[in-house]
Amino acid sequence: MPLTATPAPPADRPLWDVFCRVIDNLGDIGVCWRFCKALASQGQSVRLWIDVPEALAWMAPGALEGRVPHVQVHHWTEPLPSGATEVAQPADVWVEAFGCDPAPEWVAWLTQRLVDGHAPPVWVNLEYMSAESYVERFHRLPSPIMSGPLNGQSKWFFYPGFTPATGGLLREAGLMAARAAFDAPAWLTQQGLPCDSGTRRVSLFCYEPPVLEAVLHEAALDPTPSQWFIAHGRAQAAVAQVVPDAPVHRLPPLPQTDFDRLLWACDFNCVRGEDSLVRALWAGQPFVWHLYPQHDNAHHAKLEAFLDWLQAPASWRQFHRHWNGIETPSGPVWPGWAVIDEWRGCALSARERLLAQPDLVTQLLEFVAKKR
């Protein structure tokens, strides 16, 4: 990730700087990497400035070595390496992911550029995804800078979301065709995982759900047997904490492409954060979403808004609330495969509604073109 290796992008490819600070373990970087790749696939050149880039080594092989066309990854250190802004080509667009502010060195650089008479980049604040009503109200609104050296400049809110009045979701071209052509038994065999047609499959990517122990025990007693595939990191630690001898399959770190295939191969997906929720929606299988817990319980309203948009039946809503610790169960938690199978129609209907909308990058490119 040498900062000096920043050749000018092709003249026909606008240059984007994407700024990302990692807060969640994998969600921020996961979203930002897919976002950068999608921009590159639609004719843009991208520099991704990220403070913790190490996870890209397994999440996106080749990214750190610069082997992904038109995407450069730079380690966002504090302070930036001396001369970082001087050697970099001016970008046409700035994107601060999830409200992270660009480094002070970049702010100083832009301030001087404005003094010298240059036009500012289109500055976008790519916000968190939500189904809450405020997203539609704030989407595409200006966010004036009211203080500091850039006082008077403006950013623009851009909100991912689930309705036509929002920015939509990340969806790369060809995703649904790849999903339709996917050969689950072949992929599972390649991964060394069981693919018995008489056994259901569950993927588990979570924080520490309060009902995890009950779910694992109850699912093991379900008349329909199931295989559980546990993502590396916190999910495996959570299982080890509550059921150390659980007969599960512990997965190695998976690249994003294989994580998608894992969701396609499973009958039920337990996902967390933003990136994996979107991928679960595209998978079209029943799922449960574990939200990043907020100290003020703001995630409760976020979950309810999403379940409303999803048009989830009562049983699906209740399982979500138990999984997220919003309600304490008074009886069994695991709904059973007959109930989970009933959720599939709702999941597919939600996917169809999303597929009828333009993807996030397509919408953002259209928005930026109007602001340049």
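The figures follow:
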quantity	calculated
Among Ser197, Ser143, Ser276: highest mean-square fluctuation, GNM of the chain, C-alpha pairs under 10 Å	Ser197
Signed unit charges on C-beta, dipole axis of region 153-232, positive-most listed residue Ser197, Leu212, Ala180	Ala180
Pair Met176, Val52: separation of 7 Å Cα→Cβ label points (nm)	3.5 nm
From the coordinates shown, semi-axes √(5λ) of the Cα gyration tensor in Å corresponds to which of (1) 28, 27, 18; (2) 39, 22, 19; (3) 36, 26, 19	(2)
Nearest-20 debye value, the chain charge dipole, Cβ charges on Lys, Arg, Asp, Glu	700 debye
Phi-based couplings in Hz for region 256-271 (Karplus 6.51, -1.76, 1.60; Gly and Pro marked x)	4, 4, 6, 4, 4, 5, 4, 5, 5, 7, 9, 8, 8, 10, 9, 10
Antiparallel %, DSSP beta bridges [both residues in the chain], to 5	10 percent
Amide proton proximity set for Thr163, modelled H, under 5 Å, gap of 5+	Gly168
Residues whose placed amide H lies under 5 Å from that of Trp123, excluding near-sequence neighbours	Trp94, Trp156
Unmatched cysteines, the chain - criterion: no other Cβ of a Cys under 4.7 angstrom	Cys36, Cys100, Cys195, Cys206, Cys266, Cys270, Cys346
Mean accessible surface per residue for region 207-330, computed with a 1.4 Å probe while every protein chain stays in place, in Å²	39 Å²
Helix 360-371 vs. the chain, principal-axis angle (Cα, 0 to 90°, nearest 10)	20 degrees
Estimated dipole of region 305-372 in Debye, rounded to 20 [Cβ of Lys and Arg +1, of Asp and Glu -1, Cα centre]	360 debye
Long-range HN-HN contacts of Val288 with modeled amide H, under 5 Å	Asn269, Cys270, Val271
Among Phe367, Ser315, Trp343 the positive-end extreme of the charge dipole of the chain (Cβ point charges)	Phe367
Length gained when the stretch Val87-Asn297 is fully extended (0.36 nm per residue, less Cα-Cα span)	71.2 nm
Tilt relative to the chain, helix 314-323 - C-alpha long axis, 0 to 90 degrees, to 10	70 degrees
Label-point separation, Ala186 to His232 (7 Å along Cα→Cβ), nm	2.6 nm
Hypothetical label at Asp222: residues of region 261-284 whose amide nitrogen lies under 11 Å (7 Å Cα-Cβ projection)	267-270
Assigned charges on the beta-carbon of Lys, Arg, Asp, Glu; region 239-349 dipole about Cα centre (debye)	60 debye
Antiparallel bridge percentage (DSSP; both residues within region 60-166; nearest 5)	25 percent
For region 294-321 versus region 40-58, the gap between their alpha-carbon centres in whole angstrom	31 Å
Length added when fully stretched, Ala369-Asp24, from 0.36 nm per residue minus Cα-Cα	121.1 nm
Accessible carbon and sulfur surface of region 165-277 relative to its total accessible area, %, 1.4 Å	55 percent
With Cα atoms, 0 to 90° folded angle of helix 298-310 axis to the chain main axis	70 degrees
Simple label model, 7 Å out from Cα along Cβ direction - Asp341 to Ser197, nm	1.5 nm
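The values are calculated or read from the model by the stated rules, or taken from the named source; none is laboratory data. Values in this document were obtained by computation on a predicted structure and should not be read as measured data. All Cβ positions, even for glycine, are placed from backbone atoms using ideal geometry, and neighbour counts span all protein chains on display. Ligands, DNA and RNA are excluded from the accessible area calculation, which covers all protein heavy atoms including side chains. Shrake-Rupley method; radii C 1.70, N 1.55, O 1.52, S 1.80 Å.
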